[in-house]
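The values are calculated or read from the model by the stated rules, or taken from the named source; none is laboratory data. The structure displayed is predicted, hence computed values, not measured ones. Because the Cβ atoms are built from the backbone with ideal geometry, glycine has one as well, and the counts that use them run over all protein chains shown. These accessible areas exclude ligands, DNA and RNA; they are computed on the full protein's heavy atoms, side chains included. Shrake-Rupley method; radii C 1.70, N 1.55, O 1.52, S 1.80 Å.
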Amino acid sequence: MATMIVPNSIAFQLSANSLFFLLLIIFCSSCKTTYAFQGTKSKSFHHILHLNSLLQSAACNSSTQGLHHQKSSLQVVHKHGPCSPLHLDRAKTPPTHAETFFQDEGRVRYIQSRLANKSGSKADVKVTDVANLPAWDGRVVGSGNYIVTVGIGTPKKQLSLIFDTGSDITWTQCEPCLGYCYQQRDAKFDPSVSSTYSNVSCNSVQCSSLLSATGYLPLCSLSTCVYGTQYGDSSFSTGFFAKERLTLTPFDVFDNFLFGCGQNNQGLFGGAAGLLGLGRDQLSLPSQTARKYNKIFSYCLPSSSSSIGFLTLGKCKRYGSKSVKFTPLSTSIQDSSFYGLDITGISVGGKRLSISALVFTTAGAIIDSGTVITRLPPDAYAALRSEFRQRMRRYRMGRELSILDTCYDFSKYKSVNIPKISFFFRGGVKLTIPLVGTLYVANVSQVCLAFAANSDASDLAIFGNTQQKTLQVIYDGAGGRVGFGTKGCY
């Protein structure tokens with residue numbers, strides 16, 4: 001927007017309202033700060049990024065737990081951050097940015113191929129194939145970045161599990177590890193010392209339900225049901241399907257919870273003991289606890305790896321609040337595990353982008369807690385990138401970072417203005433992405449727009465976890481909708 005210079009001699013000819021805005025411009029210019037005024041709401045179209053805020057703390061800030069945390073809540077931490085119990089393992093170094101995106105690409109490709117329902121889909125694979133997979137190095141995993149700690153067994157064994165809205169079955173590594181177990185921080189769960197453990201039989205209804213939850217046909221081992229599940233090219237778990245007591249909080253204890261007792265597991269799970277499935281299938285945690293929680297849960301992913309978020313089971317305090325906006329789950333997503341969204345538009349700096357509705361309907365979209373970077377249809381991303389770059393043209397471009405092609409060098413600035421990006425969903429829902437979800441920061445000279453393009457217009461769009469940071473995301477499975485509330489945690 002062009003800067004308007006108004007001589008002082010004209011000020012006396014202005015109305016009272018115009019004089020007010022003129023004085024505001026003069027005041028701002030004395031502060032050496034440039035604003036693009038657009039009525040009285042112009043500043044609402046930009047975030048102000050203070051560069052000193054990009055410095056990550058090496059210590060856990062436990063005071064950052066969610067504003068809307070309640071008694072039926074679990075702490076959510078980044079698995080590689082200082083708040084994580086896995087952080088105590090000094091032998092494990094966190095992945096580089098390149099490794100993070102490599103793993104993320106593996107997850108995205110896996111989800112997209114699963115929903116594309118092409119020939120050779122995972123439903124054609126039997127558990128025997130999974131059980132006999134070689135011990136790969138596990139680089140392509142994409143199982144998620146955030147963990148919670150739950151109790152399994154009697155007496156309960158505290159285990160750190162990755163939580164994942166794109167998976168259904170909950171599993172953990174178990175003794176005696178008849179095949180292979182990767183290294184984890186917690187001691188492995190030993191079913192032989194739990195008084196509430198029991199295997200599921202092969203001819204049970206529960207065993208038959210594994211096909212829809214995992215995509216693999218279950219097998220039998222001495223009348224015991226054997227499960228198998230796979231997350232990427234080299235990430236898998238197979239073992240005994242069982243029932244056990246699950247303790248989420250002192251107020252939330254569930255007997256006969258169906259889970260996988262992994263005997264052959266491989267993947268880069270960052271030392272976590274397994275996975276907590278929050279998908280939509282009947283074997284997921286929300287479905288198994290539906291009698292108490294009615295398939296409702298919410299979470300808030302913290303702003304950084306040194307902060308703490310939460311996962312709440314059941315209706316949260318903000319469930320009926322006007323500050324939460326709900327959009328219906330998409331009916332175009334056929335897979336029973338994923339939570340589909342209908343994206344209807346995108347705006348940058350308050351300007352609605354000219355993107356055909358067909359661009360979003362052709363691809364379809366889901367929201368996913370395990371995908372790091374939001375993937376958009378090529379035409380949608382091109383429009384977003386073009387408008388963002390146009391509004392950021394005063395700043396020097398930086399080096400690209402893997403899949404992120406719009407990066408900036410802010411090393412010579414103390415603060416910068418970042419145009420706000422908003423997504424529009426079916427039902428008239430507008431969600432403005434927080435600043436922390438707009439950018440991916442490698443360092444001060446490589447700060448990137450945190451979105452990427454799919455390779456094909458028909459590829460599924462995925463609303464990733466970077467864009468969800470500090471939002472309270474509410475999943476209402478029974479009501480068939482997903483809600484968004486701002487400032488859920490720090």
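Worth pointing out:
- Across q = 0.14 Å⁻¹, the stretch 268-364 modelled as identical point scatterers on its alpha-carbon atoms has Debye log10 I(q)/I(0) values of -0.83, in the order of the q list.
- Amide H contacts for residue 157 (H built 1.01 Å from N in the peptide plane; partners 5 or more residues away or on another chain; cut-off under 5 Å): 152.
- A convex hull fitted around the alpha carbon atoms of the stretch 432-479 yields 114 Å³ per residue.
- In this label model, residue 116 and residue 445 are separated by 3.9 nm, measuring between points 7 Å along each Cα→Cβ vector.
- When you work out D = kT/(6 pi eta Rh) for the stretch 214-280 at 37 °C and 0.692 mPa s, using the Kirkwood radius from C-alpha pairs as Rh and the Stokes-Einstein form, the result is 246 µm²/s.
- Packing-based ranking, highest mean first, of 479-487, 46-54 given that Cβ atoms within 10 Å are counted: 479-487, 46-54
- The largest-to-smallest principal axis extents of the Cα set in the stretch 194-236 are 35, 23, 17 Å.
- When the P(r) is computed for the stretch 344-428, the part past 17 Å accounts for 56% of the Cα-Cα pairs.
- Element breakdown for the stretch 158-312 at a 1.4 angstrom probe: carbon and sulfur atoms account for 50% of the accessible area.
- Most tightly packed first, judged by the mean number of other beta-carbon atoms within 10 Å of their residues, the peptides 423-430, 176-183, 362-369 read 362-369, 423-430, 176-183.
- With the simple model of a label 7 Å out from the Cα in the direction of the Cβ, residue 220 to residue 204 spans 1.5 nm.
- Residues whose amide H falls under 5 Å from that of residue 461, counting only those 5 or more places apart or on a different chain, are 364, 365, 366, with hydrogens built in the peptide plane.
- If R0 is 41 Å, the Cβ-Cβ spacing of residue 409 and residue 183 corresponds to a FRET efficiency of close to 0.60.
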